[in-house]
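Written below as structure tokens is the structure these notes are about.
Here, each number is a calculation from the coordinates, and none is a lab measurement. Here the structure is a predicted model, which is why all the values come from computation and not from measurement. A quick note on method: Cβ atoms are made from the backbone with ideal geometry, for glycine too, and the neighbour counts reach across all protein chains shown.
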Amino acid sequence: MKLWPGRRPAGFGANTNIKREEERRRSIFTRRAALLGVVQLGALGFLGQRLYRLQIEEGRRYATLAEENRVSARLFAPPRGRILDRRGEVVAGNRLNWRALLVAEQTADVTATIETFSRIVPLQDHEKARIERDIRRNRRFVPVILREFLSWEEMAAIEVNAPDLPGVSVDMGTTRIYPETEHLAHVLGYVGTPTEQEAGDEGIVNLPGMRVGRAGLERFHDRVLRGRAGAVQVEVNAVGRVIRELGRREGIPGQDVQISVDTGLQKAIRDKIEEGTTAVLLDARNGELLAMATKPSFDPNIFNSGVSAAQWRQWTASRSTPLINKATNGLYAPGSTFKMVVALAALEAKVCRPGDAVHCPGHFDFGDTRFHCHKQSGHGGMNMRTAIAQSCDVYFYEMARRTGMDKIAAMSNRFGLGVDLDIELPGTRRGLVPTRAWRQAQGHAWNIGDTIVHGIGQGFYQLTPLSLAVMTARLATGRAVQPHLTRAIAGQPVRGGKPEDWPSLGIPEADLRVVREAMWSVVNGGGTAGVARLPGQYGVMAGKTGTTQVRRVSREQRERGFNVATLPREWRPHALFVAYAPYDNPVFALSVIVEHGTSGSGAAAPLARDILVEAFQRLPVNPTPRDPRVAELGR
């Protein structure tokens, strides 16, 4: 076929179009493939980079997180430091305590877990309230105690039901124990669970089983006794059940505290006294408290497991107040045991000399008021020594009138009366020695009649048995001896030892000798406490009786021949006695108060003698005479 120039064969255009379409499609496919390749390459790059970050850069962190899902780290409270007596016997220690703990963050429903636990180990409503309170105030990873003191049966039941108790585990801790129970309760005090404020202030007190001191030495030395927390790592399964222990870092136990009290002596004294009686025995040389006994008392072990409402009501309703340490918080008028202080104030004020006589007809008249002596027929002529020995009230009415109350109060303070004492028992009361300014601050005028009454230890005085024992130690040594209970912490002595370590009271030795000789006569020279004389092998005691009224005796009662023995016991006077021994080289200083004991010479003095005999037997003393002339007086 002949083709004309310029003409295309039939079908040529269609073929060209098809070819162009195929090229266009191929071009589109190539671009899409390239784009898809870029996307895939980017995705692979991102994935690679992510894998590198997870496995290389953050591999250690995720390994740790994975390990924490398998390993549980738990802090535990350290053992509390022990308290030892002067012979090294443990008087406050620790014993093992199995308990159930709950970690709130390990359970999805805390309330349901507690209810399930309660069906296995019954919980009282007040226990549930306490658990909920602990969970609220602590962080969710801090364990709280569900129940302490678990039996073997209860522990087995908890372990068997572990899958139904997420976050619950059984743990071994320690709890406080007081082997001597009530005998040392007021000295040692007790421990209790931290308050919300305490828990918020410090992390360690949030630990399960942690206890803080609530009273006595436990409270004073709480920081020393606490120690530092330990930690344990345990392997757990998917439901939180402990498989095995992986490691343990023991806590640092609290430091041991040694005290000056002799446990055997303390118990022997408490066996001798009756309810309402308090006795305080000091080492007059260095102020160490050897015994501080009072009845009634309480068992501090009860506070470990929680005091029931019934028990608390019984304690607080009792008129005998067993929770109060009467040695440091009981307040009493000192009665005639105070007369040595009045005598020294009179000598310092130079209103009399030791040999000056005052006539006692059995009463002292001032204005239209009559002040009676305990001996209605009177003592006759009395000087300072005989007035103390016979406890003549009229003599000291006159000395107080001459001296004035403010000077008597100033002398009282020097002997540790009405001032703060340096003793490690929180809440110890300073008592009260009144002054004219104090009375005026109460909105009343001080008159001379007030001064006269206070000359025999009556009136507004409020003194503790401890302060009377300190007064006696200072009379015996002439130095500002301070009472204390702590001998050593972690084996290191904290107090020292000899009368010379304490500052002088600044009272002339001649003045002190007058009152010491008078106190010797009280017991050994025909005074008011002859029944308290020590057996010969224990040397010689010096002392002073006292009797303080709790109800005023009216004129009509005196005229009818009043007899206190006919009164109900709660109306009878308190009986007091203070003493030190041996006379020629003082070692022991003692105060005894028998509530409603009627008579210091009849109730308190014989008891003081028995206590000192016990002290000499348990703490042997080999005295050396302090002054040959004074020692001669004792023979």
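Which distance in nm do the two modelled labels at R513 and L41 give, with both placed 7 Å along the Cα-to-Cβ direction?
Between R513 and L41, the simple spin-label model gives 11.7 nm.
Kindly list the residues of segment 442-456 that lie in the label zone of D406, defined by a backbone N under 19 Å from the point 7 Å along the Cα-to-C-beta vector.
442-455
Among the lysines in segment 282-433, how many pairs, 8 or more places apart or on different chains, have alpha carbons under 30 Å apart?
Total qualifying Lys-Lys pairs in segment 282-433 comes to 10.
Per the Kirkwood definition applied to all pairs of different Cα atoms, how many angstroms is the hydrodynamic radius of segment 240-384? Mind showing how you got there, number by number?
Values: mean 1/r = 0.0463 Å⁻¹.
Roughly 21.6 Å, rounded to one decimal.
Using θ = phi - 60° and the Karplus curve 6.51 cos²θ - 1.76 cosθ + 1.60, what whole-Hz ³J(HN,Hα) does each residue of segment 396-406 get, with Gly and Pro shown as x?
7, 4, 5, 5, 5, 4, 5, 7, x, 5, 5
Under 5 Å between amide hydrogens, which residues at least 5 positions from N97 or on another chain qualify, with H placed 1.01 Å from N in the peptide plane?
G173, T174, T175
For labels at A317 and Q49 in the simple 7 Å Cα→Cβ model, what's the distance in nm?
Label at A317, label at Q49, 7.9 nm between them.
Of the listed peptides 461-469, 327-335, what is their order by residue-averaged count of other C-beta atoms within 10 Å, with the highest listed first? Kindly include the intermediate steps, with their values, before the conclusion.
On the way: 461-469: 27.2, 327-335: 23.3.
In decreasing order of mean packing, 461-469, 327-335 become 461-469, 327-335.
Got a sec to turn the phi values of segment 422-430 into Karplus ³J(HN,Hα) couplings, 6.51 cos²θ - 1.76 cosθ + 1.60 with θ = phi - 60°, whole Hz, x for Gly and Pro?
7, 10, 8, 10, x, x, 4, 8, 7
Amide H neighbours of I259 under 5 Å, at least 5 residues apart or on other chains, H built in the peptide plane: list them.
L84, D85, R86, R487
Counting only residues 5 or more places away or on other chains, whose amide H sits under 5 Å from the amide H of V191 once H atoms are built in the peptide plane?
It is R214, by chain and number.
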